[in-house]
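S.K.: Here it is, the structure in full.
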Amino acid sequence: MDIDDILVLAEAREPSSLELARARRVGRMVRSEYDRSLADGYEILVDTDLVDPLTATIDEAARIERAAQLVKRGTITWTTGSGTTAGALKWSDQMAMIFGHAPGTLHLTADSLVKLVHPGDAATVREAVESAWFRRRPGEITFRVIHPGGSVRYVHCHIEVLTTAGEPSGIVATGEDVTILELARQERRRLATRSEMLCVDLAARDPMTGLTNRGYLTDEVDRARRTLEGAVVVVATETVTHLAVATTDRDHEELTSDVAALLRLVIGPDLTCGSVGPGIWGVLVASGDEHAETAEALAFRMVGAIRRHLFTVGQKALRLYAWAGVARFGGGVPDTGFDLLVDGEHAAREARRKGAVVHVFDQPTDSGDRVSRCRSRIRHAVATDGFALYAQPIVDLALNQVTRHEILLRVRDTTGDLIAPWAFLDTAERFGEIVAVDRWVIDHALELIGQGVQTSHYQINISGKSLADPSMLTYVTEAIRRHKVRPECLTFEITETALIENRNEALAFATGIREIGCQLALDDFGTGYAALAYLKYLPVDLVKIDGLFIVDICQSPPDQAVVSKLVELCHALGIRVAAECVQDDETVKLLREYGVDFAQGYKLGRPAPITASLKQQENTIEMELRFPELRTAMG
């Protein structure tokens with residue numbers, strides 16, 4: 001309620017005799033003060049015309065204009081004409097200056113006034129004035145005006161309707177420049193929005209384990225080794241062979257989650273612990289940590305806890321072997337955080353080879369030996385076919401059926417189990433062996449695809465670093481021809497786009513791959529350092545939004561904002577969009593609303609060996625999409 005509302009209420013009833021008496025006493029007091037100031041010789045700058053405010057009839061427009069002048073606010077007054085006389089429009093000198101004009105330099109008309117209002121606010125201003133007029137009620141509005149030099153200012157106006165004999169006869173708008181206040185309000189709103197959007201925990205955590213991921217742990221080790229001394233503890237686990245039951249992805253996930261929960265209890269909240277690879281865990285123990293226990297003692301305690309614990313997978317009990325490696329480092333060593341984690345893994349393998357519980361490296365290993373050792377392991381895996389290929393279905397959300405499959409790599413560990421390849425591929429990327437791995441995947445994937453009926457569309461991953469190999473395009477082209485695969489059935493996904501080393505080679509590969517009929521996709525979009533630039537110069541057909549933005553999208557306004565705008569951007573460029581890590585029906589529904597073209601995730605289908613019947617897998621997923629109640633019956 002403002003002063004005008006109070007006045008309206010006052011007009012609705014006759015004042016009581018007490019209220020009239022009070023008003024007369026106030027009037028006499030003001031008159032007495034006025035007479036005394038005149039007698040004392042003070043010059044009265046403001047004309048005072050004392051009247052009874054409850055009984056006098058005054059010019060409402062003049063009252064408002066005079067009040068605005070006293071507080072240095074401007075006014076715009078419009079009064080209706082009578083008969084053939086047009087209405088009068090005028091503004092005060094103060095309002096002219098608020099709009100950026102010197103007094104008397106602009107003849108004010110309805111057209112000239114509209115031109116001074118920012119085009120983006122003109123309709124809103126008109127609506128506010130018309131609303132006040134027809135409702136015969138005061139209103140207010142903040143809008144932008146354009147000064148003659150092109151600068152923009154914010155003006156806040158109170159709109160009051162003049163009445164004559166109960167009918168509206170004009171409008172008075174009282175305004176002030178509120179640019180500083182409006183910008184401060186916008187900043188407060190931005191900060192409040194940003195506070196709501198920001199995640200409290202900045203550590204990149206694996207949603208399955210709750211521990212930090214390999215990248216975050218690597219960065220933390222790298223940060224510590226610059227100034228502090230300490231150690232990296234790496235624990236490797238392996239199923240007891242004669243008790244091994246964890247053979248499916250689902251079993252491995254359950255076991256991984258249980259091991260992570262146990263390690264969180266053993267380590268406590270003070271140390272940084274994360275997943276280094278499938279079945280491999282790392283802990284940073286730096287001199288700055290207030291932790292009385294040595295790295296070696298912690299390693300023995302972690303191994304002992306894992307070996308003693310009886311894990312449950314499904315309905316079966318399972319025990320794990322465990323070994324630990326400790327890699328010490330001094331402050332300011334040149335070896336990177338990644339190098340130190342590699343040394344920790346090597347120390348754990350040494351413990352296993354020697355039959356020890358813990359093996360310790362007192363200092364980082366020689367860089368040449370480290371590189372040679374890692375390259376040898378990768379080359380041995382390629383030469384001995386230490387891999388397997390899986391296929392995961394991708395659902396076309398418009399058709400509600402599987403139309404694509406992504407070819408995924410699995411790596412055989414020391415027990416022969418197939419595990420996720422992310423740690424292996426990270427090492428291959430960093431030590432320059434990824435091209436050999438990519439070629440193995442391309443050749444074997446095309447061989448298996450060529451043996452089938454090729455009724456689906458297949459997406460094959462290729463590292464951004466491999467694009468720097470000038471012979472890669474020729475290799476792919478010859479493999480397609482050799483295995484008799486239809487090029488239109490293939491999309492090559494560029495992974496690790498931040499690692500593209502040569503833009504010219506990348507463009508040559510992308511252009512050549514599309515010329516032979518294949519398509520191109522960018523994987524893990526949204527997390528690369530130059531992903532938007534790639535949309536501009538690479539002929540991309542599909543963008544896969546990183547699962548980081550999808551897993552919690554239904555509860556995360558930041559993820560919703562990012563995904564919806566990425567879809568809008570890509571569609572404007574003629575690029576289709578796929579979402580990874582889709583885990584529930586609510587996410588599928590939301591992605592459809594945003595216009596996402598394809599969805600992929602455990603909710604829609606888990607990876608399966610590519611030698612299995614892909615057509616049968618397509619039919620199963622399609623039936624589950626059309627009849628969700630079948631999921632429960634099918635387990």
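S.K.: Just give me the residues in the range 172-198 being out of contact with any Asp or Glu (no Cβ under 7 Å at 6 or more places or on another chain), surrounded by 11 or more Cβ atoms within 10 Å (Cβ to Cβ) and either at pLDDT below 75 or within 23 Å of Leu113 (Cα to Cα) (or both), in sequence order.
M.R.: Ala173, Thr174, Gly175, Glu176, Asp177, Val178, Thr179, Glu182, Met197
S.K.: Still on this structure, please answer the following. Pull up the range 117-145, narrow it to residues that are over 35 Å from the mean Cα position of the chain (by Cα) and assigned to a strand (DSSP E or B), then point me to the one that is farthest from Ala96 (Cα to Cα).
M.R.: Gly139
S.K.: Taking the range 400-437 as the region of interest, how many residues are over 30 Å from the mean Cα position of the chain (by Cα) and touching a residue at least 12 places away in the same chain (Cβ under 8 Å)? Talk me through it step by step, then tell me what you get.
M.R.: Residues of the range 400-437 over 30 Å from the mean Cα position of the chain (by Cα): 411-418, 431-433, 435-437.
After this cut, where a residue has to be touching a residue at least 12 places away in the same chain (Cβ under 8 Å) as well, the list is 411-415, 417-418, 431-433, 435-437.
The number of residues fulfilling the criteria is 13.
S.K.: So, of the residues in the range 544-568 that are in contact with a strand residue (DSSP E or B) (Cβ under 9 Å, 6 or more places away or on another chain) and part of a helix (DSSP H, G or I), which turns out to be surrounded by the most Cβ atoms within 10 Å (Cβ to Cβ)? Can you show your working first?
M.R.: Within the range 544-568, the first condition is being in contact with a strand residue (DSSP E or B) (Cβ under 9 Å, 6 or more places away or on another chain), and the residues that meet it are 544-550, 553, 562-563, 566-567.
Narrowing the set further to residues that are part of a helix (DSSP H, G or I) leaves 547-549, 553, 562-563, 566-567.
Working: Gly547: 19, Leu548: 16, Phe549: 22, Ile553: 25, Val562: 17, Val563: 22, Leu566: 22, Val567: 21.
The qualifying residue surrounded by the most Cβ atoms within 10 Å (Cβ to Cβ) is Ile553.
S.K.: Kindly indicate whether Val360 is open to solvent by 30 Å² or more (accessible area, probe 1.4 Å), of a type outside the set (Phe, Trp, Tyr) and assigned to a strand (DSSP E or B).
M.R.: Spelling it out, Val360 is indeed open to solvent by 30 Å² or more (accessible area, probe 1.4 Å), of a type outside the set (Phe, Trp, Tyr) and assigned to a strand (DSSP E or B).
S.K.: Separate question: Given the residues Thr414, Thr427, Thr365, which is the only one that is out of contact with any Asp or Glu (no Cβ under 6 Å at 6 or more places or on another chain), modelled with pLDDT under 95 and surrounded by 17 or more Cβ atoms within 10 Å (Cβ to Cβ)?
M.R.: Of the residues listed, the single one that is out of contact with any Asp or Glu (no Cβ under 6 Å at 6 or more places or on another chain), modelled with pLDDT under 95 and surrounded by 17 or more Cβ atoms within 10 Å (Cβ to Cβ) is Thr427.
S.K.: Out of everything in the range 490-508 that is buried (at least 19 other Cβ atoms within 10 Å of the Cβ) and hydrophobic (A, V, I, L, M, F, W, C), what residue ends up being farthest from Ala533 (Cα to Cα)?
M.R.: This residue is Leu490.
S.K.: Can you tell which of Ala510, Ala521 is part of a helix (DSSP H, G or I) and either of a type in the set (A, V, I, L, M, F, W, C) or farther than 24 Å from Glu429 by Cβ (or both)?
M.R.: From the options Ala510, Ala521, the qualifying one is Ala510.
S.K.: Let me ask something else. I want to confirm something. Restricting to the range 86-116 and keeping residues that are in a helix (DSSP H, G or I) and in contact with a Leu (Cβ under 8 Å, 6 or more places away or on another chain), which single residue is farthest from Arg153 (Cα to Cα)?
M.R.: Filtering the range 86-116 for residues that are in a helix (DSSP H, G or I) and in contact with a Leu (Cβ under 8 Å, 6 or more places away or on another chain), the one farthest from Arg153 (Cα to Cα) comes out as Ala110.
S.K.: Given the condition of a type in the set (D, E, K, R), at positive phi, modelled with pLDDT under 95 and open to solvent by 30 Å² or more (accessible area, probe 1.4 Å), answer yes or no: does some residue in the range 451-465 qualify? Break it down stepwise before answering.
M.R.: Within the range 451-465, the subset of a type in the set (D, E, K, R) is 465.
The next check asks that each one be at positive phi; those that pass are none.
Checked against the condition, which is being of a type in the set (D, E, K, R), at positive phi, modelled with pLDDT under 95 and open to solvent by 30 Å² or more (accessible area, probe 1.4 Å), the range 451-465 yields no hits at all.
S.K.: It is to be established whether one or more residues within the range 277-300 are modelled with pLDDT of 95 or more, part of a helix (DSSP H, G or I) and open to solvent by 50 Å² or more (accessible area, probe 1.4 Å).
M.R.: Yes - at least one qualifying residue is present in the range 277-300.
S.K.: For the range 216-245, which residues satisfy the criterion of being open to solvent by 40 Å² or more (accessible area, probe 1.4 Å) and either at pLDDT below 85 or basic (Lys, Arg) (or both)?
M.R.: Within the range 216-245, Arg223, Arg226, Thr241, His242, Leu243, Ala244 qualify.
S.K.: Let me ask another. Would you check if there is a residue in the range 246-255 being open to solvent by less than 40 Å² (accessible area, probe 1.4 Å), within 30 Å of Gly605 (Cα to Cα) and modelled with pLDDT of 90 or more?
M.R.: no
S.K.: Given the condition in contact with a Leu (Cβ under 9 Å, 6 or more places away or on another chain), open to solvent by less than 40 Å² (accessible area, probe 1.4 Å) and at pLDDT 90 or above, answer yes or no: does some residue in the range 117-137 qualify? Steps first, answer last, please.
M.R.: Step one: list which residues in the range 117-137 are in contact with a Leu (Cβ under 9 Å, 6 or more places away or on another chain), which gives none.
No: the range 117-137 contains no residue that is in contact with a Leu (Cβ under 9 Å, 6 or more places away or on another chain), open to solvent by less than 40 Å² (accessible area, probe 1.4 Å) and at pLDDT 90 or above.
S.K.: I want to confirm something. Restricting to the range 301-323 and keeping residues that are without any contact (Cβ under 8 Å) to a residue 40 or more places away in the chain and more than 15 Å from His359 (Cα to Cα), which single residue is surrounded by the fewest Cβ atoms within 10 Å (Cβ to Cβ)?
M.R.: Per the criteria, the residue is Gln315.
S.K.: Within the set of pairs 6 or more residues apart or between chains, which connect a residue that is among the hydroxyl-bearing types (Ser, Thr, Tyr) inside the range 556-569 to a residue that is part of a helix (DSSP H, G or I) and modelled with pLDDT of 95 or more with Cβ atoms less than 6 Å apart?
M.R.: Between residues of the range 556-569 that are among the hydroxyl-bearing types (Ser, Thr, Tyr) and residues that are part of a helix (DSSP H, G or I) and modelled with pLDDT of 95 or more, the close pairs are Ser564/Tyr594.
S.K.: Restricting the first residue to the range 220-234 and requiring it to be under 18 Å from His346 (Cβ atoms) and touching a residue at least 12 places away in the same chain (Cβ under 8 Å), which pairs with a second residue that is buried (at least 21 other Cβ atoms within 10 Å of the Cβ) and of a type in the set (Phe, Trp, Tyr) meet a Cβ separation below 8 Å and a spacing of at least six or different chains?
M.R.: That search, which allows pairs on different chains as well, returns Arg225/Phe329; Gly230/Phe329; Ala231/Phe329; Val232/Phe329; Val234/Trp281.
S.K.: Would you point out which residue out of Tyr475, Tyr534 is open to solvent by 10 Å² or more (accessible area, probe 1.4 Å), under 24 Å from His571 (Cβ atoms) and in a helix (DSSP H, G or I)?
M.R.: Sole residue among the options that is open to solvent by 10 Å² or more (accessible area, probe 1.4 Å), under 24 Å from His571 (Cβ atoms) and in a helix (DSSP H, G or I): Tyr534.
S.K.: Is it the case that Arg349 is of a type outside the set (S, T, N, Q), in a strand (DSSP E or B) and under 22 Å from Gly215 (Cα atoms)?
M.R.: It is false that Arg349 is of a type outside the set (S, T, N, Q), in a strand (DSSP E or B) and under 22 Å from Gly215 (Cα atoms).
S.K.: For a quick check of your reading of the model, give me the residue pairs whose first member lies in the range 328-346 and is in contact (Cβ under 8 Å) with a residue 60 or more places away in the chain and more than 13 Å from Asp222 (Cβ to Cβ), whose second is open to solvent by 20 Å² or more (accessible area, probe 1.4 Å) and part of a helix (DSSP H, G or I), with beta-carbon atoms closer than 6 Å and at least 6 apart or on different chains.
M.R.: Pairs that qualify, where the first residue is in contact (Cβ under 8 Å) with a residue 60 or more places away in the chain and more than 13 Å from Asp222 (Cβ to Cβ) and the partner is open to solvent by 20 Å² or more (accessible area, probe 1.4 Å) and part of a helix (DSSP H, G or I): there are none.
S.K.: Being in contact with a His (Cβ under 7 Å, 6 or more places away or on another chain) and not in a helix (DSSP H, G or I) is the filter here; which residues of the range 578-615 pass it? Give the steps one after another, and end with the answer.
M.R.: Residues of the range 578-615 that are in contact with a His (Cβ under 7 Å, 6 or more places away or on another chain), as a first pass: 595, 614.
Residue satisfying the conditions is Gly595 alone.
Yes/no matrix, rows are residues, columns are (1) modelled with pLDDT of 90 or more; (2) more than 29 Å from Ile513 (Cα to Cα):
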position: Ala561; (1), (2): yes, yes
position: Asp584; (1), (2): yes, yes
position: Val588; (1), (2): yes, yes
position: Tyr594; (1), (2): yes, yes
position: Lys603; (1), (2): no, yes
position: Lys615; (1), (2): no, no
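S.K.: Next question, about the same structure. Those residues that are assigned to a helix (DSSP H, G or I), within 19 Å of Asp541 (Cβ to Cβ) and not β-branched (Val, Ile, Thr), I need them from the range 478-497; list them, please.
M.R.: Across the range 478-497, the qualifying residues are Pro487, Glu488, Cys489.
S.K.: Can you find a residue that is crowded, with 20+ Cβ neighbours inside 10 Å and under 26 Å from Gly605 (Cβ atoms) anywhere in the range 381-389?
M.R.: yes
The values are calculated or read from the model by the stated rules, or taken from the named source; none is laboratory data. All figures in this text were calculated on a predicted structure; none of them were measured in a lab. Here Cβ is always computed from backbone atoms with ideal geometry, including for glycine, and neighbour counts include all displayed protein chains. Heads up: the accessible areas ignore ligands, DNA and RNA and are worked out on the full protein's heavy atoms, side chains in. Shrake-Rupley method; radii C 1.70, N 1.55, O 1.52, S 1.80 Å.
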